[in-house]
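First comes the structure, then the notes that go with it.
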Amino acid sequence: MKSVFLIRSCKRTRQYFSALVLLFCCFSAPIKAQSALEIVLQHFAGNQALRLDSGSYTNELGQHFTVTKFKYYLSNFHLKSVDGKEYNSKEVFLINEEEASTKKIFLPDVPAGNYSSLSFTLGVDSILNCSGIQSGALDPVNGMFWTWNTGYIFLKLEGKSPASKSPANMYEFHVGGYKSPANCIRRITLPLDQKSVKEPLRQIVLRADVLELFKSPEKVDLSVLSSVTDFHNAEMMADNYSDMFSVLEIH
């Protein structure tokens, strides 16, 4: 009798275990491979790494300057692969040199493949500019919002220069606007040389050079122009910053 009881007990245990396995299989989801693409922003002034307050830099006209604030909006990321596939993200990111975490962007669910170009917008599109007060990266507490009808500041660069004739030798470039006479939205496309984006580590490191704001296509003389806070000279500054990005590394 004891042996029969043990056999029945073992059978019930196997049935219970099988039921548990079946239950687990029914409610678990397949584990997807890592698919987020990380974009890292590194800020420079020429060949020097950008350092707020402490770094000293020289523009195309030989004028020395420091940087106390550097922040800007990136949005509408687009990746194009060699076989015609495209990836789009409408998310808006605020990059702030003062906050290291903002210099890493994560784009979710990017398929592995060979990509020929990366495009993005420096600025905020007209729809979001006309949508009033918002949250997250577009929250007015970030100090990048003018008013409901003028919208967002796309890029803010502030600092000091002995050449500046403004009080305390300060300079400030607050560039924004999505319509004439100050349409400062700039679309930037960077070639990726058909580099393969592989799993599990996928990262693109971008370089952003603040010296580009001072030199092309127009040289900025800080003794003449030390403040841009409305439509005057805004498009000129936007043209200058449109080529400040380049690809440093792809992993």
Qualifying positions in the stretch 125-155 - open to solvent by less than 20 Å² (accessible area, probe 1.4 Å) and closer than 13 Å to Leu94 by Cα: Leu138, Met144, Tyr152, Ile153, Phe154, Leu155
Residue in the stretch 198-211 that is farther than 24 Å from Asp53 by Cα, buried (at least 20 other Cβ atoms within 10 Å of the Cβ) and of a type in the set (A, V, I, L, M) present: yes
Residues being more than 22 Å from Leu157 (Cα to Cα) and either at pLDDT 90 or above or not hydroxyl-bearing (Ser, Thr, Tyr) (or both) - total across the stretch 86-127: 19
Test for Thr229: is it surrounded by fewer than 16 Cβ atoms within 10 Å (Cβ to Cβ), of a type in the set (S, T, N, Q) and touching a His at 6+ places or on another chain (Cβ under 6 Å): yes
Residue under evaluation Ala168, criteria (1) within 29 Å of Ile250 (Cβ to Cβ); (2) assigned to a helix (DSSP H, G or I); (3) open to solvent by 40 Å² or more (accessible area, probe 1.4 Å), criterion not met: (1)
Members of the stretch 43-64 that are among the aliphatic types (A, V, I, L, M) and surrounded by 19 or more Cβ atoms within 10 Å (Cβ to Cβ): Ala45
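Is it the case, given these coordinates, that Met244 is within 21 Å of Phe120 (Cα to Cα), in contact with a Lys or Arg (Cβ under 9 Å, 6 or more places away or on another chain) and open to solvent by less than 50 Å² (accessible area, probe 1.4 Å)? Step through it out loud before you land on a result.
Values: within 21 Å of Phe120 (Cα to Cα): yes; in contact with a Lys or Arg (Cβ under 9 Å, 6 or more places away or on another chain): yes; open to solvent by less than 50 Å² (accessible area, probe 1.4 Å): yes.
Yes: the conditions hold for Met244.
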Checklist (1) under 18 Å from the mean Cα position of the chain (by Cα); (2) of a type in the set (A, V, I, L, M, F, W, C); (3) more than 25 Å from Asp221 (Cα to Cα) applied to Ala208, failing item: (3)
Odd one out for Ser81, checked against (1) more than 21 Å from Trp146 (Cα to Cα); (2) touching a residue at least 60 places away in the same chain (Cβ under 8 Å): (2)
Index of the failed condition, Leu94 passing every other in (1) in contact (Cβ under 8 Å) with a residue 60 or more places away in the chain; (2) in a strand (DSSP E or B); (3) hydrophobic (A, V, I, L, M, F, W, C): (1)
Selection status of Phe154, touching a Gly at 6+ places or on another chain (Cβ under 6 Å), touching a residue at least 60 places away in the same chain (Cβ under 8 Å), closer than 30 Å to Leu61 by Cβ and not in a helix (DSSP H, G or I): yes
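Given the residues Val67, Val40, which is the only one that is open to solvent by less than 60 Å² (accessible area, probe 1.4 Å), at pLDDT 95 or above, among the aliphatic types (A, V, I, L, M) and part of a loop (DSSP other than H, G, I, E, B)?
On the way: Val40 fails: part of a loop (DSSP other than H, G, I, E, B).
Only one candidate passes the filter, namely Val67.
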Selection from the stretch 211-251 of residues that are within 17 Å of the chain's Cα centre (by Cα) and over 16 Å from Tyr73 (Cα atoms): Ser246, Val247, Leu248, Glu249, Ile250
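The values are calculated or read from the model by the stated rules, or taken from the named source; none is laboratory data. The model shown is predicted, which means the values in this text are computed figures rather than measured ones. Don't worry about glycine lacking a Cβ; one is built from the backbone with ideal geometry, like all the others, and counts go over all protein chains shown. Areas reflect the complete protein model, heavy atoms only, side chains present, ligands, DNA and RNA absent. Shrake-Rupley method; radii C 1.70, N 1.55, O 1.52, S 1.80 Å.
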